[in-house]
Every structure is written in C-alpha cells, then in structure tokens.
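> Input: one structure, supplied below.
The values are calculated or read from the model by the stated rules, or taken from the named source; none is laboratory data. Only a predicted model underlies this, so the values are computations on that prediction, with no experimental measurement involved. Virtual Cβ from ideal backbone geometry, glycine too; neighbours counted across all protein chains shown.
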C-alpha cells in the first residue's frame, strides 16, 4: 500500500459500510484513491455488512463480475 492508497492495477470493487462506528466512512474511502473500476459502493450497515445485507452486497459483486468479465 502506498501513501495514496492501495496499488491495485486491476478493477477492484470497494465496499463501504457507512454505519461501521469503529471504522468511519472517511477512513474506508482513504485507501480507494487510484483504484480502477467501479465507484465506491456504500450501504448503511454496521460492522458486518456482508452478513447484515448479503443480498445487496451479492448483487453489487455479481454486477461487478458481470461487467468486468472477472
């Protein structure tokens, strides 16, 4: 990881949980600078977003995979 964020060169989905109190949204956004791919996806969930709203996250990831050919 560089000082500007992760050094990803492939399209990378970035998911943020806006209700995660230990990790505020601003801190979740910081490492996304320069990552190619879709914009940051945010959902109002807590610390365990993939278990709190699995269908929503599943749709986002499925769409990402479909559109990028990953």
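> Among the residues of segment 2-44, what is the count of those that are within 16 Å of residue 65 (Cα to Cα), in a strand (DSSP E or B) and at pLDDT below 75?
Residues in segment 2-44 being within 16 Å of residue 65 (Cα to Cα), in a strand (DSSP E or B) and at pLDDT below 75: 0 in total.
> Of all residues in segment 53-62 being out of contact with any helix residue (DSSP H, G or I) (no Cβ under 6 Å at 6 or more places or on another chain) and in contact (Cβ under 8 Å) with a residue 24 or more places away in the chain, which is nearest to residue 9 (Cα to Cα)? It would help to see each step written out before you state the result.
Initial filter on segment 53-62 (out of contact with any helix residue (DSSP H, G or I) (no Cβ under 6 Å at 6 or more places or on another chain)): 53-56, 58-62.
If we keep only those that are in contact (Cβ under 8 Å) with a residue 24 or more places away in the chain as well, we get 60-61.
Values: 60: 20, 61: 18 Å.
Out of the qualifying residues, it is 61.
> Find all pairs meeting these conditions: Cβ atoms under 6 angstrom apart; at least six residues apart or on different chains; first residue within segment 15-40 and free of Cβ contacts under 8 Å to residues at least 60 places away in the same chain and at positive phi; second residue surrounded by 14 or more Cβ atoms within 10 Å (Cβ to Cβ) and assigned to a loop (DSSP other than H, G, I, E, B).
Going by the 6 Å Cβ cut-off, the qualifying pairs are 37/11; 37/12.
> Please specify each residue of segment 22-43 satisfying the condition of being loosely packed, with under 14 Cβ neighbours inside 10 Å and within 14 Å of residue 60 (Cβ to Cβ).
The answer is 39, and nothing else.
> When residues of segment 45-70 are filtered for being part of a loop (DSSP other than H, G, I, E, B) and surrounded by 12 or more Cβ atoms within 10 Å (Cβ to Cβ), how many remain? Explain how you work it out, then say what you get.
Within segment 45-70, the first condition is being part of a loop (DSSP other than H, G, I, E, B), and the residues that meet it are 45-48, 53, 69-70.
Filter again for surrounded by 12 or more Cβ atoms within 10 Å (Cβ to Cβ), leaving 45-47, 53, 70.
So the answer is 5.
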